[in-house]
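The structure appears below as structure tokens.
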Amino acid sequence: MTNSESTGPVPTGRLLDVCVVHTLHPLSRPAVVDSAIDKRPVTGPVEVTALGLAGDRSIDEKFHGGADQAVYAYDDAEALRWASELGRPVPAGWFGENLRVSGVPVTDAVVGSTWAVGTAVLEVTIPRRPCATFARWTEEPRWVKRFTERGDVGTYLRVVRPGHVGAGDLVEVTGVPDHGVTVRDLFVGSSVAAMDALLDIEGFAPKVYREARDMAARARRRAAPLDPV
């Protein structure tokens, strides 16, 4: 990556839970049949490979999984805000996440940041975008709209160095690019300048560029003056 990284104290958090698929559910589009969104915590060190956690899987691989979305992390503080609003617990894995973490930015992580977790190294890539499958899983009314408006979407990560992770491991933010564009910024995509900044930097995961191009195009369409009648 050609963009320089900021220096300073290393932010450190904690990996609270590691979650993998528990049961497949018939929640997805008819062509997909089942969904692997039902993740539950597991004990002991879990192997992390280039395509995700051992024991985990993605069914709809067009939109989930793959090297750029190998691992999905969610912030415990953001989960607690949802629990308060929903009036019920949202245990680890409820969002379909693999990692429930605390103490470090997740949705507000800078794109391209690197995390050392256990013996693995992970890189922040793109936001999770809510879909109908997610809504059916939560059984909450207007869930896609509510989740989108809140914007606490968590982040996908790609695996820079395979290894093993386990509940209780430290999460050390070992690198933060100085462009400053966060996962939340990429999700909202309201700033053409921010999206263009990502497109000008080499070395990101391919799906970062796809997301940035799409969101920049949307922002330009919103900003374009209406044709006179």
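The values are calculated or read from the model by the stated rules, or taken from the named source; none is laboratory data. Everything quoted here is computed from the prediction, not taken from an experiment. In this analysis, Cβ positions are derived from the backbone assuming ideal geometry, glycine residues included, and neighbour counts consider all displayed protein chains. Accessible surface is based on the protein model in full, side chains and every heavy atom, while ligands, DNA and RNA are left aside. Shrake-Rupley method; radii C 1.70, N 1.55, O 1.52, S 1.80 Å.
Checking R161, R88, R136 one by one, the residue that is surrounded by fewer than 20 Cβ atoms within 10 Å (Cβ to Cβ) and over 23 Å from R40 (Cβ atoms) is R161 and no other. Can you tell me how many residues in segment 143-170 are farther than 20 Å from V117 by Cβ, touching a Ser or Thr at 6+ places or on another chain (Cβ under 9 Å) and either assigned to a strand (DSSP E or B) or not aromatic (F, W, Y) (or both)? Total satisfying the criteria: 2. Screening A193 against (1) free of Cβ contacts under 8 Å to residues at least 12 places away in the same chain; (2) closer than 20 Å to N98 by Cα leaves a single unmet condition, (2).
Here T107 fulfils each of the conditions (1) assigned to a loop (DSSP other than H, G, I, E, B); (2) open to solvent by 40 Å² or more (accessible area, probe 1.4 Å) apart from (2).
The set of residues from segment 171-213 being open to solvent by 20 Å² or more (accessible area, probe 1.4 Å), of a type in the set (G, A, S) and not in a helix (DSSP H, G or I) comprises G180, S190, S191, G203. Return yes or no: is E78 charged (D, E, K, R), in contact with a strand residue (DSSP E or B) (Cβ under 8 Å, 6 or more places away or on another chain) and either surrounded by fewer than 22 Cβ atoms within 10 Å (Cβ to Cβ) or assigned to a loop (DSSP other than H, G, I, E, B) (or both)? For E78, the condition - charged (D, E, K, R), in contact with a strand residue (DSSP E or B) (Cβ under 8 Å, 6 or more places away or on another chain) and either surrounded by fewer than 22 Cβ atoms within 10 Å (Cβ to Cβ) or assigned to a loop (DSSP other than H, G, I, E, B) (or both) - is not met. When segment 115-126 is filtered for residues that are within 16 Å of the chain's Cα centre (by Cα) and crowded, with 21+ Cβ neighbours inside 10 Å, the ones remaining, listed by number, are W115, V117, L122, E123, V124, T125, I126.
Selection of segment 132-153 for residues being closer than 18 Å to V21 by Cα and in contact with a helix residue (DSSP H, G or I) (Cβ under 8 Å, 6 or more places away or on another chain) yields F134, A135.
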